[in-house]
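Notes follow once the structure below has been shown.
Just so it is clear, none of the values below were taken in a lab; they were calculated from the coordinates. Since the model is a prediction, treat every value here as computed from it, not as a measurement. Don't worry about glycine lacking a Cβ; one is built from the backbone with ideal geometry, like all the others, and counts go over all protein chains shown.
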Amino acid sequence: MEIASLTIDQIREGLAARRFSALELATQALEFAQAANPKTNAYLHFCPERALAAARRVDAALARGDDPGALAGVPVAVKDVIVTKGVRTTCGSRLLAQYVPPYDATAVIRLEQAGGVILGKANCDEFAMGSSNENSAFGPVRNPVALDRVPGGSSGGSAAAVAQGAAVVALGSDTGGSVRQPASFCGVVGVTPTYGRVSRYGLVAFASSLDHIGQLGRTVRDAARLLQVVAGRDEMDSTSAFAPVPDYLALADGRVRGMKLGLPREYFKDLASETGDLIARGVDLLRRLGCEVREISLPHTPYAIACYYIICTAEASSNLARYDGMRYTTRSAGSETLSDMYRNTRGEGFGAECKRRIMLGAYVLSSGYYDAYYLKAQKVRTLIARDFSEAFREVDAIVTPVSPFPAFKLGEKLDDPLQMYLSDIYTITGDLAGIPCLSVPCGSTAAGLPVGMQILTRHFDEAGMFRLADAFQRAGGCAG
Amino acid sequence: MKLTEEQVRYVAGLANLKLTAEEVRRFGADLGEILTYMDKLNELDTGAVEPMAQVLYLAEETATLRADQERSVVGAEAALANAPLPGAGFFKVPKVVER
C-alpha cells in the first residue's frame, strides 16, 4: 500500500479484499504522518488513541459483516479550529494553547460515524485569519511542494497534510478563501460548499455570516465523499440548510457536454502571466470536453476586498470578544481589576493579525462609523451577490483563477497587511455570495508551483461543480 | 490617512486590548492605510440597495426551532474544566465591586 497516494476507493477496496485492516492502515498512516511532520509542521498535534479506536470500530464492523461507513478507515486531518472532545483545539492561538473541548463538532461526529479516522489536528492561521499560515502561534506551515514557500492559509496545515500524503482528506474552514487558496498553493482539491450546507456547530466562529466548513482531498471524488458525509441539516446549528443532500458521486458522471461556462472578465485583467496561461489551458481543456465557454461580467468585483474586510473584521471583533481570560483561555497573571484582566489577557494572548482585525472591526462598528463602513459594506455585498445571480441566468458555472499568483516565499508579504488582503480577490466573492466553489489543480508553473482553477456554481449545486471538476481532473487537469 | 495615537487607543479600549507603544504606532499606520482603501466603496451609489446580513434561504418561520425536549448538556464540571481559575462551581474573577 502506497500510503501517501491512497484514495478512498483504494481503501474501500483494500478493506473489502482484506488486504489490510483499518488498524494496520491507521497505524501506518500515523507513522507516516508523524515522520513527515517535521518537514512541514502541518499537524499541531496527533491523537493516536482516538485514531486507533476509530480504526478498531471499523474492523469490528467489517468482522460482523456490517457496513463500516462511507469513510471506513480513511485517515483524516481536522483543522484545529474545529472542536474535538478530549483532544486539544488551539485555533493556532496562544490563548487556547491548553484548551480541551468538552464536545465534538457535528462534522467531526458525522465523519467518525462514517468510519473516518482522525489522525490529528491541522495547523492554521490564528483563529483562521490569514492567507499564508504564518499567523499560527505554533510556527508556520511549509509548503510540501517547495519548503521555502507558504502553503497558503488559513487552512494551510490541512492542505499541506493532504498534499504530503499525511492524510487522505481533511476538514478546513473557509471565510474568504481559506480552503481554496491553500488547496491551489499545495496542488490539491479544496471545496467550499454552499453557505449553510455543512453544520458549523463546533467550528470556532470567526465571521459568522461567511464561515464555512470545507473539504480537501487529492481528488475531486475524495473531497466529494467527505462533503457527502458531513453535509445536511443539523438542529444544533440554526443556520444549517434544510436542502436535501444529493448523491454527489453518482452525479459526477462525466456528462459535461453542453454545460455553459462563464469567464468573468474582471478576474482575468491583472493576472500574473504564468497563472493566466495555465488557466487558459484549463479552459481549453473544458472546451474540448464539450463545454460552451463565454465571457461574462461581474461588475462589482473591484469592491469585493473592501466589502469583505469590513464585514469579516466587524464580525470577528464581536466573535473574539469571548476570549476574556475567564472561561477557556489562559489568563494574564496579576491583574488587579476585571477590566485589566480582559485587556492584559487579550493584549498578551492575541497575535498581531488578530489584533489588527479586532481593531479594524471595532473601528468600523464604532459610533459614528457604523453607517459609513459596516452598513455600506452590507449594501455592497447585496450588489456582489446580485452579480452572481444574474450571471447564473446565462451560465451553469463560472470558471476563474483561485489566486493571482502561486505560493510565495515565507516572510515575503508578512509586513504588508493590505497586500496580503488584496491577494484574496478571487476567492472572497464566492463567500460573500454564499455559493459553492472549489479549487481543482490546473498544472504547475515552470518552477513547479501548483496553480488552481476555481469553479463556482449556483446555491446548492455542489453536484454540478463536482461533475465539472471531476471530468476536468480525469481528463488530465492540464498537468504536464 | 493615518489614525492618531489617541484614535488607536480609543479603539483599543473599545476592544479591550492592551497595546504596546510599538503596536499603537504600527496599527495607526496599518489601519489608516486599510481604511483609506475601504473608502473605495463610496464610489458606489447604494441609496436604493438593501443591506445583506447573510445568505438566507426560504423556510418556514419556525423551521429552525427544535423540539422542546430535554437533552444531555455539557455539565458544570466539564464547562469549568478549561477555566484558568475555577472555584466552588464558578468562574473566579478579580473583585468587581468594593465593599
- Out of A:Ala51, A:Val81, B:Asn16, whose Cα points farthest toward the positive end of the dipole of the protein assembly as shown (charges: +1 Lys, Arg; -1 Asp, Glu; placed on Cβ)? A:Ala51
- Query: Taking amide hydrogens as modeled 1.01 Å from N in the peptide plane, which residues meet the under 5 Å criterion relative to A:Cys442, leaving out close sequence neighbours?
  - Reply: A:Val451, A:Gly452, A:Met453
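What number comes out for the charge environment of A:Arg265, summing +1 per Lys or Arg and -1 per Asp or Glu over other residues with Cβ under 15 Å away?
Details: positive: A:Lys269, A:Arg294; negative: A:Glu266, A:Asp270, A:Glu295, A:Asp387, A:Glu390, A:Glu394.
Computed value for this residue: -4.
Let's see if you can work this out: charge +1 on each Lys and Arg Cβ, -1 on each Asp and Glu Cβ, no other charges. What is the dipole magnitude of the protein assembly as shown about its Cα centre, in debye to the nearest 20? If you can, show how the numbers build up before the last one.
Numbers: 61 positive and 66 negative charges, 158 e Å.
The dipole of the protein assembly as shown has a size of about 760 debye.
Quick one: which of A:371-378, A:267-274 comes out on top by average Cβ neighbours within 10 Å, and what's the full order, highest first?
Those peptides, ordered most packed to least, come out A:371-378, A:267-274.
Answer rounded, prolate or oblate for region A:241-385, using the Cα gyration tensor with square roots of eigenvalues a ≥ b ≥ c: rounded when a/c is under 1.5, else prolate when a/b is larger than b/c, else oblate.
Values: a/c = 2.70, a/b = 2.15, b/c = 1.25.
Prolate, because a/c is 1.5 or more and a/b exceeds b/c.
Before rounding to the nearest 500, sum -39500 (n - 2.57) across all DSSP H runs of length at least 4 in chain A and divide by the residue total; then give [θ] at 222 nm in deg cm²/dmol. Show your work: numbers first, answer last.
Working: 16 runs with 189 residues, N = 480.
Using -39500 (n - 2.57) per qualifying helix, the result is -12000 deg cm²/dmol.
Summing +1 for each Lys or Arg and -1 for each Asp or Glu, what net charge is found among the other residues whose Cβ lies under 15 Å from the Cβ of A:Arg50? Don't skip to the answer; put the middle values down first.
Numbers: positive: A:Arg56, A:Arg57, A:Lys85, A:Arg88, A:Lys121; negative: A:Glu49, A:Asp80, A:Asp104, A:Glu112.
After counting each charged neighbour, the total is +1.
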- Rounded Å value of the spacing that divides the Cα centres of region A:246-270 and region A:316-336: 45 Å
- Mind listing the long-range amide H neighbours of A:Gly153? Cut-off is under 5 Å, sequence gap 5 or more, other chains count too, H placed in the peptide plane at 1.01 Å from N. A:Ser132, A:Asn133
- Item | Among A:Cys478, A:Leu263, A:Leu226 - extreme Cα towards positive end, dipole of chain A, charges at beta-carbon | A:Leu226
- Note on the structure: Among A:Ile384, A:Cys312, A:Thr345, the residue whose Cα sits farthest towards the positive end of the charge dipole of region A:260-407 (+1 at Cβ of Lys and Arg, -1 at Cβ of Asp and Glu, taken about the Cα centre) is A:Thr345
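Under 24 Å between alpha carbons: how many lysine pairs meet that in chain B, if sequence neighbours fewer than 8 apart on the same chain are excluded? Spell out each step's value before the answer.
Working: B:Lys2/B:Lys18; B:Lys2/B:Lys40; B:Lys18/B:Lys92; B:Lys18/B:Lys95.
Close lysine pairs under the 24 Å cut-off: 4.
Taking a ≥ b ≥ c as the square roots of the eigenvalues of the Cα gyration tensor of chain B, is the shape rounded (a/c under 1.5), prolate (a/b larger than b/c) or oblate?
oblate
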- Determine the shape class of the protein assembly as shown: with a ≥ b ≥ c the square roots of the Cα gyration tensor eigenvalues, call it rounded for a/c under 1.5, and otherwise prolate if a/b is greater than b/c, oblate otherwise. oblate
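Calculate the FRET efficiency for B:Thr4 and A:Glu390 from the Cβ-Cβ distance with a Förster distance of 25 Å, rounded to the nearest 0.05. Mind dumping the intermediate values first?
Working: r = 43 Å, r/R0 = 1.72.
Working from the Cβ atoms, E equals 0.05.
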- Query: Amide H neighbours of A:Leu44 under 5 Å, counting only residues 5+ apart in sequence or on other chains, H built in-plane at 1.01 Å?
  - Reply: A:Lys121, A:Ala122, A:Asn123
- Message: Tell me the net charge near A:Ser444. Cut-off is 14 Å between Cβ atoms, A:Ser444 excluded, with +1 for each Lys or Arg and -1 for each Asp or Glu.
- Response: 0
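Evaluate the relative contact order of chain A (contact order divided by residue number), counting alpha-carbon pairs under 8 angstrom at least 6 apart; express in whole percent.
On the way: 1167 pairs, mean separation 81.2, N = 480.
So the answer I get is 17 percent.
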